[in-house]
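Student: Okay, here's the structure, questions in a sec.
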Amino acid sequence: MSEPAILLRGVVKDFGDLRAVSELDLEVPRGSIYGLLGPNGSGKTTTIRMIMGILEPDRGSISLFGGDPNRSRRARVGYLPEERGLYRRMKVLEQLVFLGRLRGIPRGLARERSEEWLERLGLDDRADKRVEDLSKGMQQKVQFIGTVLHEPELLILDEPFSGLDPINQDVLESIVREFHARGATILFSTHLMEQAERMCESVCLISGSKKVLDGDLRELKRAERMGVVVVDFEGGHEWVAGPGVEGFDETPTGVRIRLLDDADPQPILERALRAGIRIGRFEVAQPRLHEIFVKHAGAPADTPPEGLRRKRELEAASEGRS
């Protein structure tokens, strides 16, 4: 069995009295699409910065491609950070060629690849524009191109679709899947559970700096004892609340009901029939990733803005000492 692309054991990171990452074990198999998930402020970005050598862990070990995350191993990674960093006054094509050269790509090849990517992402008519003259979404696409120009073995994407409209999200998602199909490993960090559920094969859920759950997403769903019933119907939904029901969400065609542990769905169906509604579908379904997260970690409330601001200030100070 090959070494994992990324391996963390007992990793801890503190910023003063604030613990950002707590005893984290993480294993990202080669060739997988792996989701590092949790609310803002949960420790995802700090973890990624340690993997990339931007921050040093206070305790624990980090392995990248089977060894220390040194410069040569990090050169095999395409890293798209959460906080974007482009030279705003440089022209788009000039900047991409510059980023390619930093990755060791010959100038002619860097220009050729940059022009191909700009055309693919609909930015070929912006090649001679300054970055500061582009919209936020266009800047995001330019940064993505800079991340993949050197055709990395591992893509680390921290909130990669932030600032993009749904159409461009789909375009970038398809490109990420292409890299995966060619054998690349994808570490995908987000607080959007629906997006992760659509893309990821395995996930690690983090809340309050601690790992809550990790593993193959399909296996995690099968292992959950949480009951979920989907009912499509016509009529009122007063009958839904009752014994065995933890809560429910309305859908365009009915309701999605979360059952209490070990609750039997049969009484739910009987209540619906007694209420005289017309049922189009009654199905016991697998839980969604969001429902699993809420069960194990509670509602994913974000870190309060003041706490998040202080954490980022401490991170920046720590980076300056590294």
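The values are calculated or read from the model by the stated rules, or taken from the named source; none is laboratory data. The shown structure was predicted, so the numbers you read here are calculated from the model rather than taken from an experiment. Glycine also receives a Cβ, built like all others from the backbone with ideal geometry; neighbour counts cover every protein chain displayed. Ligands, DNA and RNA are stripped out before the accessible areas are found, and what is left, the full protein with its side chains, is counted by its heavy atoms. Shrake-Rupley method; radii C 1.70, N 1.55, O 1.52, S 1.80 Å.
Student: Once phi is turned into θ = phi - 60°, what whole-Hz ³J(HN,Hα) does the Karplus curve with 6.51, -1.76 and 1.60 give for every residue of the stretch 140-153, x standing for Gly and Pro?
Tutor: 4, 5, 4, 5, 5, 4, x, 6, 10, 3, 8, 6, x, 7
Student: Run the numbers on the stretch 23-153 and let me know its relative contact order in percent, using alpha-carbon pairs under 8 Å that are six or more apart.
Tutor: It rounds to 25 percent for the stretch 23-153.
Student: Using a Förster distance of 45 Å, how high is the FRET efficiency between ARG59 and VAL171, based on the Cβ-Cβ distance and rounded to 0.05?
Tutor: That pair, ARG59 with VAL171, gives E of 0.65.
Student: Given a 1.4 Å probe and every protein chain left where it sits, what share in percent of the accessible area of the stretch 6-128 is carbon and sulfur?
Tutor: Numbers: 2490 of 5700 Å².
The nonpolar share, carbon plus sulfur, comes to 44 percent.
Student: If you don't mind, another one. Which value, in debye to the nearest 20, describes the size of the charge dipole of the stretch 64-103 about its Cα centre when Lys and Arg Cβ atoms bear +1, Asp and Glu Cβ atoms bear -1, and nothing else is charged? Please report the intermediate quantities before stating the final value.
Tutor: Numbers: 10 positive and 4 negative charges, 38 e Å.
Result for the stretch 64-103 is approximately 180 debye, rounded to the nearest 20.
Student: Which of the peptides 26-37, 256-267, 53-64 is most tightly packed, and how do the rest follow, going by the mean number of other Cβ atoms within 10 Å of each residue?
Tutor: 26-37, 53-64, 256-267
Student: With charges only on Cβ, +1 for K and R and -1 for D and E, what is the dipole size of the chain about its Cα centre, in debye, rounded to 20?
Tutor: The calculated dipole for the chain is roughly 1020 debye.
Student: Under a 1.4 Å probe, what is the accessible area of the chain per residue, stated in Å²? Write out the running numbers ahead of the final one.
Tutor: Numbers: 15930 Å² over 322 residues.
That works out to 49 Å² for each residue.
Student: Express in nm, to one decimal, how much length is gained between ARG222 and ARG88 on full extension, taking 0.36 nm for each residue of separation and deducting their alpha carbon distance. Before the final figure, lay out the partial values.
Tutor: On the way: separation 134, 0.36 × 134 = 48.24 nm, distance 4.76 nm.
Gain on stretching ARG222 to ARG88: 43.5 nm.
Student: Please work out whether the stretch 50-109 counts as rounded, prolate or oblate from its C-alpha gyration tensor, where a ≥ b ≥ c are the square roots of the eigenvalues and a/c under 1.5 means rounded, while otherwise a/b larger than b/c means prolate and anything else oblate?
Tutor: Oblate is the answer for the stretch 50-109, as a/c is 1.5 or above yet b/c matches or exceeds a/b.
Student: Can you figure out the FRET efficiency of ASP264 with HIS290, using R₀ = 35 Å and their beta-carbon distance, to the nearest 0.05?
Tutor: E(calc), rounded to 0.05, equals 0.90.
Student: Report which label in (1) 22.7, 73; (2) 19.6, 59; (3) 19.1, 56 holds the value of Rg and Dmax of the Cα atoms in Å derived from the coordinates of this structure.
Tutor: Read-out from the structure maps to (1).
Student: Give, rounded to the nearest 20 debye, the magnitude of the charge dipole that the stretch 1-142 has about its Cα centre when Lys and Arg contribute +1 at Cβ and Asp and Glu contribute -1 at Cβ.
Tutor: About 400 debye.
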